[in-house]
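Heads up: the structure comes next, in structure tokens.
The values are calculated or read from the model by the stated rules, or taken from the named source; none is laboratory data. What you are looking at is a predicted structure, and each value in this text was computed from that prediction instead of being measured. Every residue, glycine as well, gets a Cβ built from its backbone with ideal geometry; the counts of neighbours run over all protein chains shown. Areas reflect the complete protein model, heavy atoms only, side chains present, ligands, DNA and RNA absent. Shrake-Rupley method; radii C 1.70, N 1.55, O 1.52, S 1.80 Å.
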Amino acid sequence: MEISVSEVARRAEVLPAVAHREVSRLIEAGVLKDRRDGNNRLVSANTQHPLWSLMSQLVAETYGPVPVLRDLLREIPGVDQAFIYGSWAVRRSGTAGPPPRDVDVLVVGQPSRGDVLDVAEVAGQRLRTEVNIHLVSREAWDARSDPFLKTVADRPLIALTSTESTLARDRRSDQAT
């Protein structure tokens, strides 16, 4: 994805001159690539940089869906567990492919639907991408008789509110049934 230096300034909430200077430094370091389109200087991540994987992981851990959703869901009563699933979780697990266009979240419990929709909206604004939240009861998640839930449980999941041991327990109980 390419964006203009003026868009970088807007998103970072800095003056255009500051954005231009910092973008230039990142281009010189090989972290970003640029190209001209008329008077616009368009920049994008240099995914061939030797540290790209580490840098992208650091940014995702700091500003990506996991910390944003963890913070927002922590405040919602009735959330037993929550997971990121779908393309974002698959990419995070190391499977190559195009960047995800949205973030899919499974919320287990009985929170207010309005609270969950508010989380999706706020998270979408912060992440600048669509956030889809699927709400299920504890009983439905534990039973996994619904084909959709079985599929979700069998694919990569990123725990947002549960510990990894809870996730491992859930998967073991699936295999036992």
message = With +1 on the Cβ of every Lys and Arg and -1 on the Cβ of every Asp and Glu, and nothing else charged, how large is the dipole of the chain about its Cα centre, in debye rounded to the nearest 20?
response = 500 debye
ask   = Once the other residues with Cβ under 15 Å from the Cβ of Val43 are scored (Lys, Arg +1; Asp, Glu -1), what is the net sum?
value = +2
task = Putting +1 on Lys and Arg Cβ atoms and -1 on Asp and Glu Cβ atoms, find which of Pro156, Ala45, Ile133 reaches farthest to the positive end of the dipole of the chain.
result = Ala45
inquiry  = Leaving out ligands and nucleic acids, and using a 1.4 Å probe, what accessible area per residue does the stretch 1-111 come to in Å²?
reply    = 62 Å²
message = Among Tyr85, Met1, Ser145, which residue has its Cα furthest toward the positive end of the charge dipole of the chain, with +1 on Lys/Arg Cβ and -1 on Asp/Glu Cβ?
response = Met1
key: Inter-label distance, nm, simple model (7 Å from Cα along the C-beta direction), Arg126/Glu28   = 3.4 nm
query = If you place +1 on the Cβ of every Lys and Arg, -1 on the Cβ of every Asp and Glu, and leave all else neutral, what size is the dipole of the stretch 39-103 about its Cα centre, to the nearest 20 Debye?
reply = 260 debye
query = Where the eigenvalues come from the Cα gyration tensor of the chain, what are the semi-axes √(5λ) of the equivalent ellipsoid, largest first, in whole Å?
reply = 37, 18, 13
task = Quantify, in whole percent, the carbon and sulfur part of the accessible surface of the chain (1.4 Å probe; protein heavy atoms only).
result = 52 percent
inquiry  = Compute the angle between helix 113-127 and the longest alpha-carbon principal axis of the chain, please, reported from 0 to 90 degrees and rounded to the nearest 10.
reply    = 20 degrees
query = Hey, what angle do you get for helix 164-176 against the long axis of the chain, alpha-carbon based, 0 to 90 degrees rounded to 10?
reply = 50 degrees
ask   = In Å, what is the Rg of the alpha-carbon atoms in the stretch 11-62, and how long is Dmax?
value = 12.1, 35
request  = Provide the solvent-accessible area of Lys33, counting protein heavy atoms only and rolling a 1.4 Å probe, rounded to the nearest 10 Å².
outcome  = 100 Å²
ask   = Among Ile133, Ile27, Ile76, which one moves the most in a GNM of the chain with springs linking Cα atoms closer than 10 Å?
value = Ile27
query = For helix 52-63, what angle does its Cα long axis make with the longest principal axis of the chain, in degrees from 0 to 90 and rounded to 10?
reply = 60 degrees
Chain lengthening between Ala45 and Val59 when straightened (0.36 nm per residue, less Cα-Cα) = 3.8 nm
